[in-house]
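Novice: Okay, here's the structure, questions in a sec.
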Amino acid sequence: MVRHWKACQPANLLEVLAKLRESLVGKLAVRLHTGEPHGPSLIPPVWGKDLVGKLPNSTAVSCNVLCSSPRKTAGGRCKALEAKGWGIPVDIMDAKGDDLLPVAKGVHRQEAAVGTILSGCGSLLILTLQGPCHG
């Protein structure tokens with residue numbers, strides 16, 4: 001499900017959760033897009049804290065990036081989360097390596113690398129925002 005709103009507010013996330021709750025099975029990985037360490041947060045930290053706190057059997061996750069950034073390593077990613085004031089445990093999906101998953105009918109790739117943490121999760125909820133967001 002992809003949902004787009006003209007106004008970005010915490011109530012929007014709760015609306016989506018109400019619709020998704022029954023389809024989320026097993027341990028839930030909540031992927032947070034946080035942005036660079038001292039740049040704007042793509043999702044206000046208070047939203048992430050509140051959301052993960054309301055979802056039973058969930059964990060906040062993030063992953064390292066391939067570009068030149070402090071977020072390229074698990075340690076750098078954790079420092080970036082701390083600098084932004086997240087204040088909740090966040091599992092770095094690829095901190096212990098990757099699993100290779102097949103890409104059905106892949107044209108350019110036949111497999112994709114995903115963080116090993118995902119293998120222990122039944123569902124993945126990805127939160128990302130485009131444009132300004134105010135918490």
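The values are calculated or read from the model by the stated rules, or taken from the named source; none is laboratory data. If you're wondering where the values come from, they're calculated on a predicted model, not measured in any experiment. Using ideal geometry, Cβ is built from the backbone for each residue, glycine included, and neighbour counts are taken over all protein chains shown.
Novice: Based on what the data block shows, is G35 over 18 Å from Q9 (Cβ atoms), surrounded by fewer than 18 Cβ atoms within 10 Å (Cβ to Cβ) and at pLDDT below 85?
Specialist: The answer is yes for G35.
Novice: For G26, all conditions in the list (1) loosely packed, with under 14 Cβ neighbours inside 10 Å; (2) at pLDDT below 90 hold save one; what is the number of the exception?
Specialist: Result: G26 fails condition (2) only.
Novice: Oh, and also: Only residues in segment 45-59 that are closer than 10 Å to P10 by Cβ count as the first member; pair them with residues that are assigned to a helix (DSSP H, G or I), Cβ under 6 angstrom, at least 6 apart or cross-chain, and list the lot.
Specialist: Going by the 6 Å Cβ cut-off, the qualifying pairs are W47/P10; L51/L13.
Novice: Out of the residues in segment 76-95 that are in contact with a strand residue (DSSP E or B) (Cβ under 8 Å, 6 or more places away or on another chain) and of a type in the set (D, E, K, R), which is surrounded by the most Cβ atoms within 10 Å (Cβ to Cβ)?
Specialist: In this case the residue turns out to be R77.
Novice: Counting only residues that are modelled with pLDDT of 85 or more and surrounded by 13 or more Cβ atoms within 10 Å (Cβ to Cβ), how many does segment 48-75 have?
Specialist: Total meeting the criteria: 6.
Novice: Quick check: is even one residue across segment 96-110 closer than 23 Å to S58 by Cβ, part of a loop (DSSP other than H, G, I, E, B), in contact with a helix residue (DSSP H, G or I) (Cβ under 9 Å, 6 or more places away or on another chain) and at pLDDT 85 or above?
Specialist: yes
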